[in-house]
Structure formats: C-alpha cells, structure tokens
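Have a look at the structure below before the remarks.
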Amino acid sequence: MGLQRGHRARPLEWLVERGIFLVSLSAILMIFLIFLFVGREALPIFFGRTNSSLVQETIPVDKLDSIPKPKLKEYLGLTDSELAGLDRETLQELMALKIEGAQQAPKDKDADVNTTAWRYLLKPHQWTGYDRAEFIWQPVSQIHKYNIIPLVIGSLKATLVALMFAVPLALGAAIYVSQLAGPRTKEWLKPTIELLAGIPSVVLGFFSLIVLATVMQNLFGYQSRLNAFVAGIALGLAIIPVVFSIAEDALSSVPRSYTQAALALGSSRWQAAWKIVLPAAIPGVFAAVALGFGRGIGETMVVLMASGNASIVSWSVFDSTRTMTATIAAELAETVFGGHHYRMLFMIGTLLFVVTFLSNLAGDLIIHRLKGRLEGKR
Amino acid sequence: MTHLRSILILVAASILSSTQAGTITAKGSDTMVILAQKWAEVYMAKNPGTKIQVTGGGSGTGFAALVNQTTDIANASRKIKATEIASCLKAFKKRPTEYKVCLDGLSVYVSSDNPVKELSLPQLEAIFTGKIKNWKDVGGPDAPITVYSRENSSGTYEFFKEHVLQNKDFVASAQTMPGTAAVLQAVAKDKNGIGYGGAAYGAGAKHLAIKKDDGSPAIEPNEESVIKGTYPIWRHLFIYVNPALDKGEMASYLNWIRSEEGQKVVKEVGYYPLPKALRE
C-alpha cells in the first residue's frame, strides 16, 4: 500500500472502510467461535473423560452427611454454584434418583462397558444378542453402541459415488466451455451450469427420493430403493457446479499463449486443450475435486432423504447407507443435552469440520500455487 | 378531567390484565405437534384471554426447554428419563409433574400387494431384529423382507423397540425414515417392505392385524381395540410441567385437555382418548 489514503480528508470513507474491515474480521471470528463451541461439547469424548457404563457404584441416601463435598459433587455431577444452591431435600432426591437409575440398568454382560471409549468407537465388538463381533451404531438402545465406522464408510461411499459421477461431467463441461466453445455458447452455458448450485439441497433430496430412486431401481433392478448410489447421484448434482466452476477458472487462467503456440505448431484445438492446457492446469483440477469432496461430505439434506439411512458396514453402493451428516441432523433433536449421545454427535461434527476444513485448505493452497506458477512467479 | 383520568386508568388496567393473562408455551414431541396445536386452537377460541404457543422439535428438546424454563409445557411421546429428572431437580428443585393425555396405537404396515394379513408379536420381533429375513417364513411369498424403521430420535422408535423388540436392537439394515408418512410411502412403494407408525396414518398401505402370541386371536387396530387394550401395541402420550407453574390458567388448561372436550379433539386428530379411569 504505497498510496497515501489521507483519511483526514475523507473521514466518512475511512469509516466505511474500517466498518467493512470489521465485518470481514467478524466472519473469521464466527468460524473460530463455532469451532470452539462444537469442539468444547466434544472434548470429553476426545480425551476419554466420559463414562457411559450403566453399572455404577451408588451411595445410600442416608449417608448424605458423611460424604465429603468434592466426592458428592462428582457423584451427582454438580458444579460448585449448583451445589451451594440446592437444599438438603433436593440433594436427597438426586441421590434417590441415582439409585433408581442403577436399579433400571439392564441385566447384560455389557452393562458395565464404557461404550464411549475409543476402542468401542473404532473396533468391532460382539455385543449381547449378536452372533459375531460387529461395527454397530445403535445409540438409542439398552447398551448404547457408538461405533462410528459404519457412518464414516457411509459418508465416504456416498461422496465417492458423487465424485465419480460429477467429476468427469464437470471436467468435460469445463474443458468445453473454456477451450472449445465459441463465445456465444459460452455466454449461456456457463451461467446455466452454475445455476445448478442455486437449487436448494432439500429440493434435490426430494427429487431423488420421489423420482430418481424409482427410475434407478427400474433401471438397475436392485433390492433396496434408497441407497448410496441414488444418494451419490443426487449429491453429484450438487457437486457439479462447484467442480465445474473451479476447474473452468483454472483452465481459463492458463495463458492464451500456450494454446496459440500449440495451434501455430499445427495441433488441433482439441489436442491443444487436452495435451497442453489440461496438464498445465492439472493442480487446479485437483483443487476442484478436493473442494467438491468437501462440499459432498458436508452435504446433509440430500443424503438424509435419499440414502435410506441404514448403518451397515458394506462397500456395495446398492446397499442403503447412513452418513455422518445425516446422523447428526436426524438424532440431535431428541438427545439428552450434555449426555453421551449428544457429545458423540458433536464429536462426529468435529470430525466433519476437520475433514472439510482440510479438503478446502488443500484446494485453496493448490489453486494459489497454480496461479503463482502460471504467472511465472514460482 | 376526572373522566379522562378514569378512562386512562381503565385502559392501563385492561392492558395490564391482558398481558397478565399471559402466554402458555408448549414445546416438545413432533408426534404431538398437530394435536397440541389443535388443543391450543380450540381452547383459545373458548378463552380469548389466553394465548398458547406450540412448537415441536422433539421430546428431548421439550425436556431441555422445561429445564431451562423457556417452556411451560413439555409434550413428550416417551417417559422422562432419570437424567432429565435430575436436570429438572437441579433447575427448579422439583420433579416435573407427569400427565397422561391420550393413547396412541401403533400399526404395522405392509404393501397392499402382500398376502400376509396378520403377524404375532414374536414374529414381528424376529422380523425387525433380523432373525427372519424372508416373507416365506411367515406365510408370504419367497421374497426378502425390507425393514423400514424410524429415526432413533423418534418416540415411536423407542416405543416399538421397547414393546415389540423387547429392547433388542433393530437389524442394522433397517432403513430409517424421517417420519411416519415417509415410512408409509416407502412401504406403499415396496412390495417386500414392512414398517410401523401411528395408527392414525391411513391410506397407501395395509395395516396388519396383530396377535399377542401365536395362539391368541389377531386384533385389528381401531379405536375400540386400542382403548380396551386388546390390541397389543399401544402407548400413552404425555405432558410434563413444572409443578410450581401448575396453577391458575395453566391448571385449567391441563384439566381441560383431559376433559370430555379436550379428548374429543384427540379423536378428531386421529389419536385415541384416555379411558375414563385415567382422566382424574
């Protein structure tokens, strides 16, 4: 900024400028605060400080006076100010409730298992009533089973199908629009494809639930009507504009001189686009795919409506599938606030946040590098 | 001058009293939203001084709001849990009062093309836990069974799990739908499908008659069989309130809900009225 702005001469402009700067800062602050909130709710799970074991030691109500205060606080899950605000009767009531809860605990060999430990989140376990060790997500159950593997696989499956469907189409369209199409065609084609991004995802979800699912089932004749394949195709429609618009940007930012040199040496337009421009812009294409991945794995409404939401561990795309996002959306409303299930959903939210953040960051970094390289800056 | 003053006082008093008559807020179970809204509508038409606001969000949301004291009434399609009672105790030092407000019968749906007309509770348990996987094992055609279920956030899900599955887990391949209407629609479109939901939801699929065990008679879900308790899959719907607020306007509203008039609304919406003994 070599130029002197002279805010003394134009105080109003200076004010507006500062105002806009503050607004943009607040966006960063927001992201930070959201992450802080989500992370804080999930923290006990990450550090293994939760215990969902149903068999817990209880203390008879009449022993109230003989328990030291710190122990009582821990036993009833109270904070200092809460403890100070409660009278004797309420404390007794709370203790009675604790015993009531312990008596309701199911007679089950797994009742004393802390199912929120990482071992049970990631590895299979043979629960009562199951024939073998399995990955089970059954958070509302006598024994709360929180294995996140089926959800992770579900999310990956739907997103990969979406990418396999969307990337070739979007990339083809990007090459055509940026390299081959005449200015007239380009003028209407580009905004039309980008208009796809404007379709609300709930509309896409509804469309795939009612129309797409039936059409696909008739076409391929598989068993379950709603599955990863249908969800993936619908998700693909949401991803196409993202991948297209970034890939098109990357291809267009390859200097015209590359194409002109190729044409002058006798190559066709197609050869120039495919052999010269695309390789030069390939990091941009990767970035487009990375951003598309981030968009896909974070998408909720489409998969909630079209995937069937069964938490099975299976790599077949024609099986119904349950994604991480849909799980959070569907389950959060009924959880006990601050309970294990609630924290577990926030933990999944944190994972999602990290994954989308990393894929977006990777995308941005690659684009930045590419721009630098094409402009000869290194 | 005195005239003017007295008019002013009158106006001020009427404004004050109208705000004092106050608003009752009700929050909670999505299953009960339509019912609660209808109750509020009818009650407000009769008592113009009272305002009642109803929102959904789920039974858990209702309990959380009750704890934070942002709602007066928590609608719930399940019983309150021990941890939630503990939160209430911490917040307002009392256990919330529980009112049973009506009955709901759960139907089991299959496609209209399915020849199976009745199933027993043990058969249902085996189908929904994945022990029986083919229709031919329960007297149907040789075709795999597709199980449709509700999201585990739903009170219906928990109820079905407790009463039909004897607290066992649903089979993992059960597809979960975001509402009873969605289950019904999925079953209507899938000739091998089976699902469950409120008996009030009608068209599109066939409601099965249910046998308590293999030897007992099959009972169709209808008002008579649900109220008498001969139909085996039914539940209560609840309202929970902070006992300290259960007086005046609130108390008369809660009494009205359980009166003849309130229970007539229950029937109109498609649930089943409380048996006389439970109305207090």
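Here, each number is a calculation from the coordinates, and none is a lab measurement. Please read these numbers as outputs of a predicted model, since none were measured by experiment. Every residue, glycine as well, gets a Cβ built from its backbone with ideal geometry; the counts of neighbours run over all protein chains shown.
Can you give the net charge of the other residues whose Cβ lies under 11 Å from the Cβ of B:Asp190, counting K and R as +1 and D and E as -1?
Once positives and negatives cancel, what remains is +2.
Counting only other chains, and only Cβ atoms inside 10 Å, what mean value do you get across the residues of B:149-156?
Values: counts 2, 1, 10, 12, 10, 5, 1, 0.
Per residue, the number of nearby Cβ atoms from other chains is 5 on average.
For the peptides A:10-20, B:77-87, A:233-243, what is the packing order when you average, over each peptide's residues, the other Cβ atoms within 10 Å and list the highest mean first?
Most protected by this proxy first, the peptides run A:233-243, B:77-87, A:10-20.
If chain A were replaced by its equivalent ellipsoid, with semi-axes equal to the square roots of 5 times the Cα gyration tensor eigenvalues, what would those be, largest first, whole Å?
51, 31, 17
What net charge do the residues around B:Phe159 carry, taking every other residue with its C-beta under 11 Å from that of B:Phe159, with Lys and Arg at +1 and Asp and Glu at -1?
That works out to +2.
Could you give the Stokes-Einstein D for the stretch A:69-145 in µm² per second, using the C-alpha Kirkwood radius, 25 °C, 0.890 mPa s?
After rounding, the answer is 163 µm²/s.
Under a no-solvent Debye model with one identical scatterer per Cα of the stretch A:149-374, what's log10 I(q)/I(0) at q = 0.10, 0.13, 0.14, 0.17 Å⁻¹?
Per q value, in the given order, log10 I(q)/I(0) is -0.52, -0.80, -0.89, -1.14.
Let me know the shape class of the stretch A:192-288, please: from the alpha-carbon gyration tensor, a ≥ b ≥ c as square roots of the eigenvalues, rounded when a/c is under 1.5, otherwise prolate if a/b is greater than b/c, or oblate.
Judged from the Cα gyration tensor, the stretch A:192-288 comes out prolate (a/c at least 1.5, a/b above b/c).
Around B:Leu103, under 11 Å between beta carbons, what's the net of Lys plus Arg minus Asp minus Glu among the other residues? Intermediate values should be presented prior to the final figure.
On the way: positive: B:Lys100, B:Lys228, B:Arg235, B:Lys267; negative: B:Asp104, B:Glu223.
Every neighbour counted, the sum reads +2.
Using alpha carbon coordinates only, what is the Rg to Rh ratio of the protein assembly as shown, with Rh defined as the Kirkwood radius?
On the way: Rg = 30.1 Å, Rh = 28.8 Å.
When Rh is taken as the Kirkwood radius, the ratio is 1.04.
When chain A is treated as a GNM, springs tying every alpha-carbon pair under 10 Å, which of A:His341, A:His144, A:His368 comes out with the largest mean-square fluctuation?
A:His368
Starting at 0 and stepping by 5 Å, how many percent of the alpha carbon pairs of chain B end up in each bin?
Binned Cα distances yield the sequence 1, 6, 11, 15, 16, 13, 11, 9, 7, 4, 3, 2, 1, 1, 1, 0, 0, 0, 0.
Let me spell out the model: positive unit charges on the Cβ of Lys and Arg, negative unit charges on the Cβ of Asp and Glu, origin at the Cα centre of the stretch B:105-259. What dipole size does that give, in debye rounded to 20?
On the way: 16 positive and 17 negative charges, 19 e Å.
Computed about the Cα centre, the dipole is about 100 debye.
What list do you get for A:Val302, A:Val152, B:Val164 if you sort them by fewest beta carbons within 10 Å? Numbers along the way, then the final one.
Working: A:Val302 32, A:Val152 19, B:Val164 22.
With the sparsest Cβ surroundings first, the list reads A:Val152, B:Val164, A:Val302.
So which residue, out of A:Lys109, A:Lys145, A:Lys63, gets the largest mean-square fluctuation from a GNM of chain A using Cα contacts under 10 Å as springs?
Per the Cα network of chain A with a 10 Å cutoff, A:Lys63 tops the list.
Return the single residue from A:Phe337, A:Phe346, A:Phe293 with maximal mean-square fluctuation; model: Gaussian network over chain A, springs between Cα atoms under 10 Å.
Looking only at A:Phe337, A:Phe346, A:Phe293, the largest GNM fluctuation is found for A:Phe337.
Taking a temperature of 10 °C and a viscosity of 1.306 mPa s, what whole-number D in µm²/s does Stokes-Einstein yield for the stretch B:171-248 with Rh from Kirkwood over alpha carbon pairs?
My calculation gives 104 µm²/s for D.
Per residue of B:161-173, count partner chain C-beta atoms within 10 Å of its C-beta, then hand back the mean as an integer. Please report the intermediate quantities before stating the final value.
Details: counts 4, 1, 0, 0, 1, 1, 6, 6, 11, 5, 2, 14, 9.
What the average comes to for B:161-173 is 5.
So, by mean Cβ neighbours within 10 angstrom, what's the order for A:204-211, A:67-74 with the highest one leading? Don't skip to the end; give the middle numbers.
Values: A:204-211: 19.4, A:67-74: 12.1.
Highest mean packing first, the order is A:204-211, A:67-74.
In peptide A:84-96, what is the residue-averaged number of other protein chain Cβ atoms found within 10 Å of each Cβ?
Mean partner-chain Cβ count within 10 Å for A:84-96: 2.
Percent of alpha carbon pairs in the stretch A:56-104 separated by more than 16 Å?
Taking all Cα-Cα pairs of the stretch A:56-104, the fraction more than 16 Å apart is 32 percent.
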